[in-house]
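Here is the structure we will look at.
The values are calculated or read from the model by the stated rules, or taken from the named source; none is laboratory data. Because the structure is predicted, anything quoted here is derived from the model rather than measured. Backbone-built Cβ (ideal geometry, glycine too); neighbour counts: all protein chains shown. The area values use the complete protein model at the heavy-atom level, side chains included, leaving out ligands, DNA and RNA. Shrake-Rupley method; radii C 1.70, N 1.55, O 1.52, S 1.80 Å.
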Amino acid sequence: MIVDAHAGAHLRVERLSLDQSMAKHVGGDTPFGAIGYGTPAQLAWMPTVNARVLSPAGSMADVWHADGAATSGTTGCVRWRSNGHWLLGAIDLDEAAERQGLAELSQRAYRDLFATLDQAALPHLLRIWNYLPQINADGGGLERYRQFNLGRQQAFMDAQRAAFEGAPAACALGIRQGALSIRFLAGRTAPLPVENPRQVSAYRYPETYGPRSPTFSRAALAELGGGDVALFISGTASIVGHETVHAGDVRAQTHETLRNLSAVLTAASAACSAAFNLSSLDVVVYVRHASDVAAVREVIDAVVGAHSHFALRAVYLEADVCRSDLLVEIEAHAVAPGTLHSRSHAQA
Ligand code: 3EB
């Protein structure tokens, strides 16, 4: 019997409106998975990001496609979907119902996340999306984002996962209410982490930002099969070194964030043969104050181009950023043909 060892090995992604993604579902097979922005909460194959969409196109989804039979299951608090090559997972944990504080809940969420990867024999995290209710609120003497960082880093260390160099690409945003929500994508081969030379690595932030540092790399490059390379850029904000710059000025923060995105792109481009550029990124723009959207959009249009893929396909969401002085944060992904350079080459 001839078995096609490559069936399902190629992962693709497309950004669609909610209507377009539902048509994919009804018209044929269920897509491998999706992450919806402001989409209905009950779609099992499309875990939602529970934030208000501020862009005119309304609810959107990043829909992931992979051939081969996908199976769904749960491991602890994780709901997952996998075809044996790739795994998309979702965690939604309500603090009140679970009667656990945010640090403990985050640690448990990540413990179950790693158990899911072990069980599926898909050890490598490509990207994690974290959403915390009331991220900047005090949680008994420690800001809730800092509590999350405590539990997350502890779980990485308990699972003997890289909590510093080699941590996955991620974002962490505040939602008004609801559950602690974590979405993640994993696969068979290790991504190549990328840092931003303009910024101190987040896992090396000084203790003034909390007792345990955030566990993420600025970006990661991953081979998606079919000769494609994905670039996952973590949440990126107006931080230079380790300090927030342009507090109170959303336009200047947007300019600085775009400079940081460009710097990450340059670093990523040196580590692979794929051609990535700013104007072709699929971005999510998180804005703390909905009233700032017009100003953020003006800066993006001026710097990147009003008719760029970046500007036209951007999803704007109302969300709190992890430092109370940050007003805007942008995350991105892109896929292009190419291969990764070896680790030693990338770090040379
Ligand atoms: C920053 O650069 C902004 O805790 O996973 C960005 C991306 C941020 C990911 C995380 C936090 C995280 O520190 C905040």
Subject >> Whole-number accessible area per residue in Å² for the chain, which is evaluated in the context of all protein chains at 1.4 Å >> reply: 40
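Taking the radius of gyration and the Kirkwood hydrodynamic radius from Cα positions alone, what is the Rg/Rh ratio for the range 244-309, to two decimal places?
Details: Rg = 12.9 Å, Rh = 12.9 Å.
Rounded to two decimals, Rg/Rh equals 1.00.
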Original post:
How high is the FRET efficiency from H307 to R259, r the C-beta distance, R0 22 Å, rounded to 0.05?
Top reply: 0.55
Original post:
All other residues with a Cβ under 10 Å from the Cβ of E165 taken together, and with Lys, Arg as +1 and Asp, Glu as -1, what is their net charge?
Top reply: 0
Subject >> Built amide H within the under 5 Å cut-off of R127, gap 5+ >> reply: L185
Subject >> Theoretical ellipticity at 222 nm over the chain - DSSP helices of four or more residues, -39500 (n - 2.57) apiece, nearest 500 >> reply: -8000 deg cm²/dmol
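Which whole-number percentage describes the relative contact order of the range 218-342, with Cα contacts under 8 Å and a sequence gap of 6 or more? Walk me through the numbers on the way to the answer.
On the way: 249 pairs, mean separation 48.1, N = 125.
Relative contact order, the range 218-342: 38 percent.
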Original post:
Shape of the range 66-116 from its Cα gyration tensor (a ≥ b ≥ c, root eigenvalues): rounded if a/c is under 1.5, otherwise prolate when a/b > b/c, or oblate?
Top reply: prolate
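By average Cβ neighbour count within 10 Å, what is the ranking of 183-190, 304-311 from highest down?
Numbers: 183-190: 21.0, 304-311: 17.2.
Result, highest mean Cβ count within 10 Å first: 183-190, 304-311.
Beta carbons within 10 angstrom, averaged per residue: use that to sort the peptides 236-243, 319-326, highest first. Can you show the working numbers first?
Details: 236-243: 19.4, 319-326: 22.2.
Peptide ranking by packing, descending: 319-326, 236-243.
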Subject >> Relative contact order [Cα under 8 Å, 6+ residues apart], the range 109-205, whole percent >> reply: 44
Original post:
GNM, the chain, Cα, under 10 Å: largest mean-square fluctuation among G151, G36, G73?
Top reply: G73
**OP:** Calculate the translational D of the range 126-201 in whole µm² s⁻¹ from Stokes-Einstein, where the hydrodynamic radius comes from the Kirkwood formula applied to all Cα pairs, the temperature is 37 °C and the viscosity 0.692 mPa s.
**Re:** 236
Subject >> Rounded, prolate or oblate (a/c below 1.5 giving rounded, otherwise prolate when a/b exceeds b/c) for the range 1-133 by Cα gyration tensor >> reply: oblate
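How many times 2.2 N^0.38 Å is the alpha carbon radius of gyration of the range 281-336? It would help to have the intermediate numbers written out before the result.
Details: Rg = 11.3 Å, N = 56, 2.2 N^0.38 = 10.2 Å.
With N residues counted in the range 281-336, Rg over 2.2 N^0.38 Å equals 1.11.
Relative contact order for the chain: what percent, with Cα pairs under 8 Å and sequence separation of 6 or more? Let's see the in-between values first.
Numbers: 812 pairs, mean separation 57.0, N = 348.
Value for the chain: 16 percent.
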**OP:** Kindly provide log₁₀ I(q)/I(0) values, in the same order as q = 0.11, 0.12 Å⁻¹, from the Debye equation applied to equal alpha-carbon scatterers of the chain.
**Re:** -0.68, -0.82
**OP:** For the chain, give the percent of accessible area contributed by carbon and sulfur heavy atoms, probe 1.4 Å, rounded to a whole number.
**Re:** 51
**OP:** Report Rg(Cα)/(2.2 N^0.38 Å) for the range 66-222, keeping two decimals.
**Re:** 1.02
Original post:
Given 0.36 nm per residue, what is the gain on full extension from M157 to H25 after removing their alpha carbon distance, in nm?
Top reply: 43.6 nm
Original post:
Looking at the range 28-105, what % of the alpha carbon pairs are farther apart than 17 Å?
Top reply: 54
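Give me the net charge for the shell around Q153: Cβ to Cβ below 13 angstrom, other residues only, Lys and Arg +1, Asp and Glu -1. Intermediate results must be reported in sequence, preceding the final value.
Numbers: positive: R111, R146, R152, R161, R204, R212; negative: D158, E207.
Net charge in that neighbourhood comes out at +4.
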**OP:** Quick one: give the max-minus-min coordinate of the C-alpha atoms of the range 203-331 along each principal axis, largest first, in Å.
**Re:** 43, 38, 20
Original post:
Local charge sum around A247 (other residues, Cβ-Cβ under 10 Å, Lys/Arg +1, Asp/Glu -1)?
Top reply: -2
